[in-house]
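Here the structure is laid out as C-alpha cells; the discussion comes afterwards.
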Amino acid sequence: MDLPSAFLGLADMAAAAFGAPFFAGAIASQDNPGYYDDNGNWVPGSPPTERACRVSIDQATEAMRQSDGFADGDVRFIILAASFSGLLDTDASVKVTEGPFAGIWAVTSIERDPAGVGYVGRGRRA
C-alpha cells in the first residue's frame with residue numbers, strides 16, 4: 001500500500017468513528033471551455049466534469065492570510081490525493097457535499113504536499 005492510500009484509509013476510519021474531518025466532495029473541472037471562433041461566434045465547450053474526492057476544510061493559515069489576494073472568508077482545504085484521479089489546479093472548484101462547509105468553493109491557490117498525500121489549497125465560496 002502506498003502512502004496516499006494509507007492516509008485515505010485512516011481518514012475514512014476517522015470519519016466513520018468521529019464524523020469528520022474529511023467529508024465527501026467533488027472536484028469540478030472545465031476540460032474543454034468555450035471559445036470564440038475566428039468569426040467572433042461563441043463555440044460552447046463541454047460541461048464541467050466532476051471527480052469524487054475526500055476534503056477537509058479548515059481556517060486559513062497565517063501564510064495564506066498574508067498572501068496576495070486573500071479575502072475574509074477564505075479557507076484552507078486539504079484533499080486526499082488517493083481519493084481522486086488526475087490533477088488539481090486553480091481552474092477547478094471543489095464541491096463539499098456534506099458537513100458544516102457544504103457548498104462550492106473556488107480554488108484560489110493549490111500545492112501538493114511534499115509526501116504526496118494530498119493537495120493543500122486556499123478556497124473561497126463560489
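Every number in this text was worked out from the coordinates using simple rules, so none of it is lab data. For clarity, every value in this text was computed on a predicted model and none was experimentally measured. Cβ placement follows ideal geometry from the backbone for every residue including glycine, while neighbour counts extend to all protein chains displayed.
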Computed, not fitted: 222 nm per-residue ellipticity of the chain from DSSP H runs ≥ 4 (each -39500 (n - 2.57)), nearest 500, equal to -5000 deg cm²/dmol
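Sorted from fewest to most neighbouring beta carbons within 10 Å, what does the list Trp105, Trp42 look like?
Arranged by neighbour count, lowest to highest, Trp105, Trp42 become Trp42, Trp105.
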Expected vector for the range 47-52, Karplus 3J(HN,Hα) from phi with 6.51, -1.76, 1.60 and θ = phi - 60°, integer Hz, x for Gly and Pro, equals x, x, 9, 10, 10, 4
Karplus-derived 3J(HN,Hα) from phi for the range 104-118 (6.51 cos²θ - 1.76 cosθ + 1.60, θ = phi - 60°), whole Hz, x at Gly and Pro, runs 10, 10, 6, 7, 9, 7, 7, 8, 8, 6, x, 7, x, 6, x
The answer for Ala60, listing residues at least 5 apart or on another chain whose modeled amide H is closer than 5 Å to its amide H, is Arg76
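Across the chain, how large is the tail of the calculated P(r) beyond 26 Å, expressed as a percent of all Cα pairs?
26 percent
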Placing +1 on each Lys and Arg Cβ and -1 on each Asp and Glu Cβ in the chain, then taking the dipole about the Cα centre, the residue among Gly69, Ser109, Ala6 whose Cα reaches farthest towards the positive end is Ala6
Listed with the fewest Cβ neighbours within 10 Å leading, Val43, Val120, Val107 appear as Val43, Val120, Val107
